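We did not get these values from a lab; they are worked out from the coordinates using the rules stated. Please read all numbers here as calculations on a predicted model, not as lab measurements. All Cβ positions, glycine included, derive from the backbone under ideal geometry; neighbour counts span all protein chains shown.
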Amino acid sequence: MAKPITFSCTACGAVHNKWSGRCDACGEWNSITEDVPISAGPAKKSLGTKRGSRMDLSDLRTEETPPPRTGSGIEEFDRVLGGGLVPASAILVGGDPGIGKSTLLLQAAASFARAGLKVIYVSGEEATAQVRMRARRLGLSDAAVQLAAETNLRDILTTLEAEKPDLAIIDSIQTMWADNVESAPGSVSQVRAAAHELTNFAKRKNMSVMLVGHVTKEGQIAGPRVIEHMVDTVLYFEGERGHQFRILRAVKNRFGPADEIGVFEMTGEGLAEVTNPSALFLSERDTPAPGSVVFAGIEGTRPVLVEFQALVAPTPHSQPRRTVVGWDGGRLAMILAVLESRCGIPFTGLDVYLNVAGGLKVSEPAADLAVAAALLSAREDVAIPPDTVVFGEISLSGALRPVGQTENRLKEARKLGFSQAIAPTRSKLGAGDGQGIRQMSDLTSFVGEIFGAG
Ligand code: TYD
Ligand code: MG
């Protein structure tokens, strides 16, 4: 019997039995493509008919020493990895084309080589001369990194087998071609197969592998989400094209905390570490302006101050605009609804724009109160005092809920010269935190105290 034709989503890898314009699993448009069947061998007997070999079982108490890690010396990178590179680990670095993945990984390759690892960098996108030119520009020409320009996976694995590096970098997984899979490089089947071969090889041969994956919007080639489940660590390199800031974020990490971020700045000589991101995200702030509020946030294990900016203006359209950059649109809608129904402050007939300065993406609910403050400040045209940070979660009832790590948030705020804070009641304060902090139980009292209305 002929195998039924299946379709896969190039964004998330979900398998469908018919084509459609939009993937039900991830909501992406135009991302579904027909799978080319891998030439199937004779039908296999069910697994139950032939005995396999017995597995070795062990109990939970079995002592395992934590893996020895190697630091690259690029602190922002090592922290995102969970404290350095774990041997035999598979890491995916995803990001938009042109965001700086190749630059970052070439710098990391050179640093790991300096730290004593044997590193091979395989580019499927650029000629070795091009990579060398970039290395020269980055001042890395003397690093002991071995280069190759190759896309044939069989040749790559054979070379890695012979060379036995500690770390192989594959740039990018979408250019790799496994000759046992009958579809074009970049298709879901090819990307999956190549990632599977490489991660398996890494585990068996005790080599670490870093895979570059382009995030794609068009659905012509498979995105990195297709292989997220195969690797130990998933890092995304984010940033706005127009901004020089880049954020490396761990969205999954078997060897460390997820949500950890590393902050970089794209300069003429490659990526430079930003060790004090708060100062950077706030640097463009001079005079207090209505609509601008500083949020004391936590990214991973690190406190970061970020500025929320809101603009509220009468709309010329029948349907007012809600535009958000760097925060969740659904969460904005919720806060607008709470302001309207619990505090009686409507936003009907008003366009609302919300932006996180510096290109950071904030996902903490702790930013709710900062968002509400920015919206109100913009709507009422009243500036929040410039030495104040704001944080707290808002519930649908309009109550303010305390958030974690209050002490760390306040410490970072004081370090950067913010002496005042607005936070929910029952926030867990450290010794000496009481001064300058105003604690409130609900959004209505916040509106009353800060804006004298409500
Ligand atoms: P690249 O690492 O090639 O991006 P990706 O691999 O994610 O596609 O970086 C591309 C951009 O970075 C390119 O537009 C030029 C810029 N860039 C710098 O600004 N400074 C530098 O030192 C380098 C090497 C690149
Ligand atoms: Mg690249």
Exercise for the section: Mean Kyte-Doolittle of at least -1.0 plus a Cα span of 24 Å or more along the axis: flag which DSSP H helices in the chain meet both, please. Expected result: 188-205
Practice task
Give me the orientation-averaged projected area of the Cα convex hull of the range 399-454, in nm², one decimal.
Solution key: 3.8 nm²
Practice task
May I ask you to derive the FRET efficiency for ALA431 and ASP387 from their Cβ-Cβ distance with R0 = 25 Å, giving the value to the nearest 0.05?
Solution key: 0.70
Practice task
Stick to the Cα atoms of the range 280-451, pair each with every other, and give me the Kirkwood hydrodynamic radius in Å at one decimal.
Solution key: 15.9 Å
Practice task
Report P(r) for the range 124-195: all Cα-Cα distances, bin width 5 Å, range 0 to the bin holding the largest distance, values in whole percent.
Solution key: 3, 16, 22, 22, 17, 12, 5, 2, 0
Handout entry: Contact order relative to length of the chain, as percent, for alpha carbon pairs under 8 angstrom and 6 or more apart
Key = 12 percent
Handout entry: Diffusion constant of the chain at 10 °C, which comes from Stokes-Einstein with the Kirkwood Cα-pair radius and 1.306 mPa s, µm²/s
Key = 64 µm²/s
Completion exercise
Length gained if ARG137 through LEU396 is fully extended, taking 0.36 nm per residue and subtracting the Cα-Cα distance, is 88.0 nm
Practice task
Using the structure shown, select from LYS164/LYS203; LYS252/LYS428; LYS164/LYS252; LYS101/LYS217 the pairs with a Cα to Cα distance greater than 22 angstrom.
Solution key: LYS252/LYS428; LYS164/LYS252
Handout entry: Structure-based [θ]222 nm, the chain - -39500 (n - 2.57) summed over DSSP H runs of at least 4, per residue, nearest 500
Key = -7500 deg cm²/dmol
Problem - Calculated P(r) tail over 17 Å for the range 276-320, as whole % of Cα pairs - result: 47 percent
Handout entry: For the range 224-236, 3J(HN,Hα) per residue [Karplus equation, 6.51 cos²θ - 1.76 cosθ + 1.60, θ = phi - 60°, Hz, x = Gly/Pro]
Key = x, 5, 4, 10, 3, 6, 7, 9, 7, 9, 10, 10, 10
Fill in the blank from the handout: Counting only backbone N atoms under 16 Å from a point 7 Å out along Cα-to-Cβ of ASP179, the residues of the range 132-164 in range are 150-160
Handout entry: Residue exposure sequence - SER363, SER278, SER58 - by fewest surrounding Cβ within 10 Å
Key = SER58, SER363, SER278
Problem - Label point distance in nm, THR62-ALA258, each placed 7 Å from Cα along Cα→Cβ - result: 2.5 nm
Problem - Likely footprinting exposure, CYS26, CYS12, CYS343, fewest C-beta neighbours within 10 Å first - result: CYS26, CYS12, CYS343
Practice task
Hey, for a label at LYS415 modelled as a point 7 Å past Cα toward Cβ, could you say which residues of the range 297-317 have their backbone N under 20 Å away?
Solution key: 297-308
Handout entry: Projected label distance in nm at ARG302 and GLU449, using a 7 Å step from Cα toward the beta-carbon
Key = 3.1 nm
Practice task
Quick one: compute a quarter of the convex hull surface over the Cα atoms of the range 254-350 and quote it in nm².
Solution key: 10.1 nm²
Completion exercise
Taking 0.36 nm per residue of separation between GLN130 and ASP35 and subtracting their Cα-Cα distance, the length gained on full extension comes to 30.8 nm
Exercise for the section: Run through all the Cα pairs of the range 75-274 and give the fraction in each 5 Å bin from 0, expressed as whole percent. Expected result: 1, 8, 17, 21, 23, 17, 9, 3, 0
Handout entry: Neighbour-count ranking [beta-carbon atoms within 10 angstrom, fewest first] of ASP78, ASP179, ASP171
Key = ASP179, ASP78, ASP171
